[in-house]
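The values are calculated or read from the model by the stated rules, or taken from the named source; none is laboratory data. Every value quoted in this text rests on a predicted model; they were computed, and no experiment measured them. Ideal geometry is used to build each Cβ from the backbone, glycine not excepted, and the neighbour counts take in all protein chains shown.
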Amino acid sequence: MTPTYTLIMIRISLILFPFLLFAQEKITPKYIDSKIKEANACSLIGKHDLLVKKNEEILKNSRQIHYSKGITSSCLNLSGISFSEGNYKKSLEYLNRVRNEKYAQDNIDTQMKIRHLISYNYIAIGLVNDAISELKDVVNLSDGIPADSGRIYNKASILIDLGVLYRNKMQFDSATWFIKKGINTLPGRKSPKMQYMADLGYIALVEVKIDENKIDSADIYLKTVEARSGKLTVKSDARRYQLRGLIYERKEDYRSAITNYQKALELSKETKNIHNIVDIYGSLSQAYLKINDKKAYREAHQKYTSIKDSLNRNSEHSTENIVKELITKKEEKLNSQNQFLMYVVIAVALLIIIISIFIFRRIRSEKKILQEKNKEAKLLTKKLNTDFEEVVRLAKNNDPEFLARFQEVYPEFFPNLLKIEPKLLISELGFCALLFLNFSSKDIAQYTLVQPQSIQTRKNRLRKKLGIPSHTDIYLWMKDINSNREEVDSPSRSAKYHYKKYNLVIKRLNMILKSKKNKSA
């Protein structure tokens, strides 16, 4: 090449460089979002190599502009791809990259996907119960966010996977229930994505029915999938042929089973799903054995054993990381539970303290009231004792002020008697007062200067007037009259009449007392 030609080419390059530079599409979040959509479309049609290439490109470009959504989306896709290839360690590495991304922390759908993928790794090392627990937690998490298409798709996928796990545990009723619930979660299934998930659900139901040895039911569900044979993804088509082969094998049509297994194997190699491939080689080897094709059996069995050993080695290498992951999660859950328990204990302690203070204050208040009442009761008792002694002294001295003072100390006694018999005389009221004070017949005779025989006569007359039965102790009756303020009136007498008569008696009593005082003066 001559120097002149080289110089011309350099000059042309310099002229075209700005155009070549601007001809390259600028990397922006919008551009990366469009690439994410392309990659998701590739995952449906099963183009494995193209899917890996696109996601690696998205990850690279997203890192250049620090686009968290792009990094998160590509890492999740690559984690799923690595798992399907049997590279569990790499799958976990991609998941660990995602966790610190802001988009992953802020987006619940992404958190669901992360935990969903973690459950796959639990399954890989045989921790089925832990995987079930993880998936159930994710289902509960999904119920707390708006029901958009992403959440619905993820929830349906999780429910179907729960059904698959229960199938592995031979709990077929639970398996059927979860799978059907997952299918029913998908509304309308108009989009290819929703229909793809529904196909996976029906395929899972076929597997359950085959394991239950309900071949007719399995055939019905499989025909639902086969009716869409022209619209199935490569992955769904591979599973369809594999399950049709299983049904033929159960019907002992081994050659038809082999034909379907071979078609399933070809499609599974295209998607590079190592788990499907190893299952198909296992089924193929058994079918070849049934038709006594020993050479084909050895080849299929050898490949099955080789892939199975490789998966086991990968599982062993990743077991330590997965177990650490599980331990970390359980420690976090335990710490959360302990923290909640601590809050509960603190709350209960505070409640007990508050209740104790309230009870203490109430007891102290009631104690204070009780002390005051006891003090009042003692003062009242003391006063009553003093008043009683004074009234007894006046009675013994036959003092004219006895009845007035008795009325002050026992204000209810005379009114209660007059309610029973309004025509009682002043002398009779005084006699009742002496009986109330528990004076004996001898004492009354002595203090009132009358014969003892006449006292008994007055008692009998009083019993008749007041209606006191002969077997009733007249002293106790008088006590009861004073304490019972609710005595029922006689039907023949009105309350107005009783109080009128009572007031007249009191007036007469006061007049007699005044006249006695004047005479003594």
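Numbers at a glance
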read-out	value
Matching residues in the range 100-142 - criterion: being free of Cβ contacts under 8 Å to residues at least 12 places away in the same chain and closer than 20 Å to residue 184 by Cα	140
Helices (runs of 4 or more DSSP H) enclosed by the range 202-312 - at least 1 residues per element that are modelled with pLDDT of 85 or more, more than 19 Å from residue 160 (Cα to Cα) and more than 47 Å from the chain's Cα centre (by Cα)	234-250, 254-271, 274-290
Verdict on residue 191 being among the small types (Gly, Ala, Ser), over 20 Å from residue 172 (Cα atoms) and in contact with a helix residue (DSSP H, G or I) (Cβ under 6 Å, 6 or more places away or on another chain)	no
Residue match in the range 82-91 (condition: farther than 18 Å from residue 193 by Cβ, small (Gly, Ala, Ser) and in a loop (DSSP other than H, G, I, E, B))	yes
Number of positions in the range 222-251 that are surrounded by fewer than 19 Cβ atoms within 10 Å (Cβ to Cβ), of a type in the set (D, E, K, R) and touching a residue at least 40 places away in the same chain (Cβ under 8 Å)	1
Any hit, the range 148-158, residues being farther than 26 Å from residue 191 by Cβ and either out of contact with any Asp or Glu (no Cβ under 8 Å at 6 or more places or on another chain) or free of Cβ contacts under 8 Å to residues at least 24 places away in the same chain (or both)	no
One residue from 108, 125 being of a type outside the set (Lys, Arg) and over 26 Å from the mean Cα position of the chain (by Cα)	125
Qualifying residue in the range 223-230 (condition: closer than 21 Å to residue 156 by Cα, touching an Asp or Glu at 6+ places or on another chain (Cβ under 7 Å) and hydrophobic (A, V, I, L, M, F, W, C))	yes
Failed item in (1) crowded, with 19+ Cβ neighbours inside 10 Å; (2) closer than 19 Å to residue 284 by Cβ; (3) in contact with a Phe, Trp or Tyr (Cβ under 7 Å, 6 or more places away or on another chain), with residue 202 passing the rest	(2)
Subset of the range 50-74 (residues that are in a helix (DSSP H, G or I) and free of Cβ contacts under 8 Å to residues at least 24 places away in the same chain)	50, 53, 54, 56, 57, 59, 60, 63
Only one of 71, 32, 65, 58 that is of a type in the set (A, V, I, L, M), in contact with a Ser or Thr (Cβ under 8 Å, 6 or more places away or on another chain) and surrounded by fewer than 20 Cβ atoms within 10 Å (Cβ to Cβ)	65
Pair list, Cβ under 6 Å, 6 or more apart: the range 160-185 residue surrounded by fewer than 21 Cβ atoms within 10 Å (Cβ to Cβ), other residue charged (D, E, K, R) and modelled with pLDDT of 85 or more	172/212
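Conditions tested, residue by residue: (1) modelled with pLDDT of 85 or more; (2) not hydroxyl-bearing (Ser, Thr, Tyr).
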| residue | (1), (2) |
| --- | --- |
| 44 | no, yes |
| 48 | no, yes |
| 52 | no, yes |
| 68 | yes, no |
| 81 | no, yes |
| 85 | no, yes |
| 91 | no, no |
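Listed here are the residues, each with its yes/no results for (1) at pLDDT 55 or above; (2) surrounded by 14 or more Cβ atoms within 10 Å (Cβ to Cβ); (3) more than 60 Å from the chain's Cα centre (by Cα); (4) within 17 Å of residue 423 (Cβ to Cβ).
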{"residue": "436", "(1), (2), (3), (4)": "yes, yes, yes, no"}
{"residue": "448", "(1), (2), (3), (4)": "yes, yes, yes, no"}
{"residue": "460", "(1), (2), (3), (4)": "yes, no, yes, no"}
{"residue": "466", "(1), (2), (3), (4)": "yes, yes, yes, yes"}
{"residue": "478", "(1), (2), (3), (4)": "yes, yes, yes, no"}
{"residue": "488", "(1), (2), (3), (4)": "no, no, yes, no"}
{"residue": "505", "(1), (2), (3), (4)": "no, yes, yes, yes"}
{"residue": "510", "(1), (2), (3), (4)": "yes, no, yes, no"}
{"residue": "514", "(1), (2), (3), (4)": "yes, no, yes, no"}
